[in-house]
2 protein chains.
Amino acid sequence: MDSSVARERALDAAEELFYGRGVQAVGMDDVRSASGVSLKRLYQLFPAKERLVEAYLERRDTRWREQLAAYVEERHGARERILAVYDWLGRWFDEPGFRGCAWINAYGELGAMSTPVAERVRAHKRAFREYLDSLAAEAGLPAAVGGQLFLLAEGAMVTAGITGSAKPANEAREAARLLVRAA
Amino acid sequence: MDSSVARERALDAAEELFYGRGVQAVGMDDVRSASGVSLKRLYQLFPAKERLVEAYLERRDTRWREQLAAYVEERHGARERILAVYDWLGRWFDEPGFRGCAWINAYGELGAMSTPVAERVRAHKRAFREYLDSLAAEAGLPAAVGGQLFLLAEGAMVTAGITGSAKPANEAREAARLLVRAA
DNA sequence: CCCTGTGGAGAACGCACGTTCTCCGCCTGC
DNA sequence: GCAGGCGGAGAACGTGCGTTCTCCACAGGG
């Protein structure tokens, strides 16, 4: 098996397991049996579990933001695009297996013990925040609005994760609509 | 040492350690040496670590909500009280050792593996949500506003925890002010 | 003075898991 | 056909930790 193929398979398995059960509840052996990549190979590709966790967060980060951006770009109108963010969140929340925000969960689990992981979580949130800032700027809204939209999105993610409901996306969307209108 | 004293000391130590480092990073032996309560006693009081975690979350829940309510009750005017919630959050975020919301962190860490812990997190968030609902009702605001205020507060907590800044409290307060005015 | 029970200190046990090692089959180049 | 090395399976190792057990000091009642 090609090395890059093994890497993808390992990351596929790691993502599903880490996200679904939490990082600490998943052993390297679980990743091995779910991916079919031998332990030896796993440790060649990722010299420690922490590296695998970082790679998981990084790959998921780019995919997550790409999918969000692709969904948003389909909408026309700067304000419509802002609201599209919450529509996309609502779809995400409704997906089977949704268990909250992978980065918030990872931060709760490892943020205190692993600075690399904490740093990746911060980088992801910073990027998302900047994306919302850019959407707000395109809509000609004051700079402060980006931060408010961000807080609504974060609150929706964490609440949807804990309650298992997609409703927070609608609540956040409605709040965003009012904020954009009022600003 | 009296049994109830031992229980309090154990919970004091557990709270500081669990909150500061995460639950899984703290061993029962750490709780023992930090509290001065022997392992035997610890296991008499809390037959398993999970019970200690539950007790930690429960005691912190009542204290957290009492302190919030006490702070809010000092303000006059229904809308002022709503904004006081975010002022209180800002003070909390600025406290030394602040590491985000204990329940969100615990959910990220244990939510997938421990239903009792997940249930306590849900109960805490439900109670906080209902508290905001009651504040919104007293201000004569539409029922939907409570949920929006809740999402802002959750977003602020999680963002303050990850970034280590108290600024999200101000951003959330400003957003809440606009939402209350617009509603 | 002994017997009993309570509680503390810390060793011991069992298990899970991150990481490494051993063994062996198989493929490739001669 | 064969030497050498690459890779897989899984055992082995070390450690950490939840939980229990052992041993002992000591207080109180006969």
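Cβ-Cβ under 7 Å, sequence separation 6+ or interchain: first residue in segment B:163-183 and touching a residue at least 40 places away in the same chain (Cβ under 8 Å) and within 27 Å of A:Val117 (Cα to Cα), partner in a helix (DSSP H, G or I) and of a type in the set (S, T, N, Q). Which pairs?
From residues that are touching a residue at least 40 places away in the same chain (Cβ under 8 Å) and within 27 Å of A:Val117 (Cα to Cα), the pairs are B:Pro168/B:Thr159.
Identify, from the list A:Arg81, A:Arg59, A:Arg21, A:Arg63, the residue that is more than 16 Å from DNA strand D (Cβ to nearest atom), among the basic types (Lys, Arg) and in contact with a Lys or Arg (Cβ under 6 Å, 6 or more places away or on another chain). Spell out the reasoning first.
Details: A:Arg59 fails: in contact with a Lys or Arg (Cβ under 6 Å, 6 or more places away or on another chain); A:Arg21 fails: in contact with a Lys or Arg (Cβ under 6 Å, 6 or more places away or on another chain); A:Arg63 fails: in contact with a Lys or Arg (Cβ under 6 Å, 6 or more places away or on another chain).
A:Arg81 is the lone residue from the list that is more than 16 Å from DNA strand D (Cβ to nearest atom), among the basic types (Lys, Arg) and in contact with a Lys or Arg (Cβ under 6 Å, 6 or more places away or on another chain).
Condition first: acidic (Asp, Glu) and buried (at least 20 other Cβ atoms within 10 Å of the Cβ). Now tell me which residues in segment A:108-143 satisfy that.
Applying the first criterion (acidic (Asp, Glu)) to segment A:108-143 yields A:109, A:119, A:130, A:133, A:138.
The answer is A:Glu109, and nothing else.
For segment A:154-177, does any single residue satisfy the condition of being more than 28 Å from B:Ala106 (Cβ to Cβ), buried (at least 22 other Cβ atoms within 10 Å of the Cβ) and more than 7 Å from chain B (Cβ to nearest Cβ)?
Taking every residue of segment A:154-177 in turn, at least one turns out to be more than 28 Å from B:Ala106 (Cβ to Cβ), buried (at least 22 other Cβ atoms within 10 Å of the Cβ) and more than 7 Å from chain B (Cβ to nearest Cβ).
Just to be sure I understand, how many residues within segment A:1-49 are within 14 Å of DNA strand C (Cβ to nearest atom) and not in a helix (DSSP H, G or I)?
Adding up the residues that qualify gives 13.
Restricting to segment B:96-107, give me the number of residues that are buried (at least 22 other Cβ atoms within 10 Å of the Cβ) and farther than 15 Å from B:Arg59 by Cα. Spell out how you get there, then give the answer.
So the first thing to find is which residues in segment B:96-107 are buried (at least 22 other Cβ atoms within 10 Å of the Cβ), and the list is B:100-107.
Adding the requirement that they be farther than 15 Å from B:Arg59 by Cα leaves B:100, B:104-105, B:107.
The number of residues fulfilling the criteria is 4.
Taking the stated definitions as given, is B:Ala25 buried (at least 16 other Cβ atoms within 10 Å of the Cβ), within 14 Å of another protein chain (Cβ to nearest Cβ) and either of a type in the set (Phe, Trp, Tyr) or more than 15 Å from the chain's Cα centre (by Cα) (or both)?
Values: buried (at least 16 other Cβ atoms within 10 Å of the Cβ): yes; within 14 Å of another protein chain (Cβ to nearest Cβ): yes; either of a type in the set (Phe, Trp, Tyr) or more than 15 Å from the chain's Cα centre (by Cα) (or both): yes.
Yes.
If a residue has to be more than 8 Å from chain B (Cβ to nearest Cβ) and either part of a loop (DSSP other than H, G, I, E, B) or free of Cβ contacts under 8 Å to residues at least 12 places away in the same chain (or both) to count, how many in segment A:94-117 make the cut?
Selection size over segment A:94-117: 7.
Any residue in segment B:1-18 that's within 14 Å of chain A (Cβ to nearest Cβ): show its pairings with residues that are within 15 Å of DNA strand D (Cβ to nearest atom) and not in a helix (DSSP H, G or I) at Cβ separation under 7 Å, as long as the two are six or more apart or on different chains.
Matching pairs, first to second residue: B:Leu17/B:Val26; B:Phe18/B:Val26.
Any residue at all in segment A:66-75 that's within 14 Å of another protein chain (Cβ to nearest Cβ) and in a helix (DSSP H, G or I)? Step through it out loud before you land on a result.
Going residue by residue through segment A:66-75, those that are within 14 Å of another protein chain (Cβ to nearest Cβ) are none.
No: segment A:66-75 contains no residue that is within 14 Å of another protein chain (Cβ to nearest Cβ) and in a helix (DSSP H, G or I).
Go through B:Leu135, B:Leu149 for me and flag whichever is within 11 Å of chain A (Cβ to nearest Cβ) and in a helix (DSSP H, G or I). Even if it seems obvious, please write down each step before you answer.
On the way: B:Leu135 fails: within 11 Å of chain A (Cβ to nearest Cβ).
Exactly one of B:Leu135, B:Leu149 is within 11 Å of chain A (Cβ to nearest Cβ) and in a helix (DSSP H, G or I), namely B:Leu149.
Bear in mind these aren't lab numbers, they're just calculated from the coordinates by the rules spelled out. Model, not experiment: these values are computed from the prediction. All Cβ positions, glycine included, derive from the backbone under ideal geometry; neighbour counts span all protein chains shown.
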